[in-house]
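The values are calculated or read from the model by the stated rules, or taken from the named source; none is laboratory data. Worth saying up front: this structure is predicted, and the values here are computed from it rather than measured. Backbone-built Cβ (ideal geometry, glycine too); neighbour counts: all protein chains shown.
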Amino acid sequence: MKYLLDTDICIFFLQGKYDIKKKIKKVGINNCFISEISIAELKFGAIKSGNIEKHLKEVEKMEELFTVIPIYSSLDNYAKEKVKLQKTGNLIPDFDLLIGVTSISNNLVLVTNNERHLKRISNIELENWTKI
């Protein structure tokens, strides 16, 4: 299996929480990817933090450790899924939706602690490594 790590899982990885490092090692770091949207969210968090330099270095570490998946090939799926969610009154934040459809477009299991929002996306496969 191959996995897309959601932003929250990336944060837990950096914080050393939930044995995320051990779980990544178990499935193989080469089988784990991150979205460029997660990089944007991590950079935002770093700039917002009280220790900008430290956190920006952590983001750079993430970019070195994991292949970063671009979102361009997922934009058609994003548009279709957003219309579907809008019609049913179940919208989720755009960044969550972009990360979710990126996992689908690239045949990746999305690893997230945000199942509540992301399970609304059609045909998504989720795993929550904070509960395993």
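Among the residues of the range 94-117, those that are over 11 Å from the mean Cα position of the chain (by Cα) and among the acidic types (Asp, Glu) comprise 94, 115.
Restricting to the range 48-69, and then to whatever is of a type outside the set (S, T, N, Q) and exposed (fewer than 11 other Cβ atoms within 10 Å of the Cβ), can you tell me which residue is nearest to residue 107 (Cα to Cα)? Full working, then the answer.
Of the residues in the range 48-69, the ones of a type outside the set (S, T, N, Q) are 48, 50, 52-66, 68-69.
Restricting the remaining residues to those that are exposed (fewer than 11 other Cβ atoms within 10 Å of the Cβ) gives 48, 50, 53-54, 64.
Numbers: 48: 33, 50: 37, 53: 34, 54: 33, 64: 22 Å.
In this case the residue turns out to be 64.
Looking at 3, 18, 72, can you tell me which residue is more than 15 Å from the chain's Cα centre (by Cα) and either under 26 Å from residue 131 (Cα atoms) or buried (at least 21 other Cβ atoms within 10 Å of the Cβ) (or both)? Working first, answer last.
On the way: 3 fails: more than 15 Å from the chain's Cα centre (by Cα); 72 fails: either under 26 Å from residue 131 (Cα atoms) or buried (at least 21 other Cβ atoms within 10 Å of the Cβ) (or both).
The match here is 18.
Mind telling me which of the residues 29, 34 ends up being of a type in the set (A, V, I, L, M, F, W, C), modelled with pLDDT of 95 or more and in contact with a strand residue (DSSP E or B) (Cβ under 8 Å, 6 or more places away or on another chain)? Working first, answer last.
On the way: 29 fails: in contact with a strand residue (DSSP E or B) (Cβ under 8 Å, 6 or more places away or on another chain).
Result of the check over 29, 34: 34.
Screening residue 26 against (1) in a helix (DSSP H, G or I); (2) under 15 Å from the mean Cα position of the chain (by Cα) leaves a single unmet condition, (2). Residues in the range 31-60 that are more than 19 Å from residue 73 (Cα to Cα) and touching a Ser or Thr at 6+ places or on another chain (Cβ under 7 Å): 41, 42, 55.
Can you work out which of the residues in the range 21-47 that are among the aliphatic types (A, V, I, L, M) and crowded, with 20+ Cβ neighbours inside 10 Å is nearest to residue 98 (Cα to Cα)? Per the stated criteria, the residue is 37. Taking the range 89-101 as the search range and keeping residues that are in contact (Cβ under 8 Å) with a residue 40 or more places away in the chain and of a type in the set (A, V, I, L, M), which one is nearest to residue 12 (Cα to Cα)? My answer is 99. So the check is Cβ under 7 Å with 6+ separation or different chains; which pairs have a first residue in the range 38-56 that's in contact (Cβ under 8 Å) with a residue 12 or more places away in the chain and assigned to a helix (DSSP H, G or I) and a second one that's surrounded by 11 or more Cβ atoms within 10 Å (Cβ to Cβ) and aromatic (Phe, Trp, Tyr)? Within 7 Å, the pairs are 41/95. Checking each residue in the range 88-111 for being within 23 Å of residue 30 (Cβ to Cβ), in contact with a Lys or Arg (Cβ under 9 Å, 6 or more places away or on another chain) and not in a helix (DSSP H, G or I) picks out 106, 107, 108, 109, 111.
Residue-by-condition table, conditions (1) over 19 Å from residue 2 (Cα atoms); (2) surrounded by fewer than 16 Cβ atoms within 10 Å (Cβ to Cβ); (3) touching a residue at least 12 places away in the same chain (Cβ under 8 Å):
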| residue | (1), (2), (3) |
| --- | --- |
| 81 | yes, no, yes |
| 87 | yes, yes, no |
| 103 | no, no, yes |
| 109 | no, no, yes |
| 113 | no, no, yes |
| 121 | no, no, yes |
| 127 | no, no, yes |
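In this structure, does residue 81 turn out to be of a type outside the set (Val, Ile, Thr) and out of contact with any Ser or Thr (no Cβ under 8 Å at 6 or more places or on another chain)? Judged against the criteria, residue 81 is not a match.
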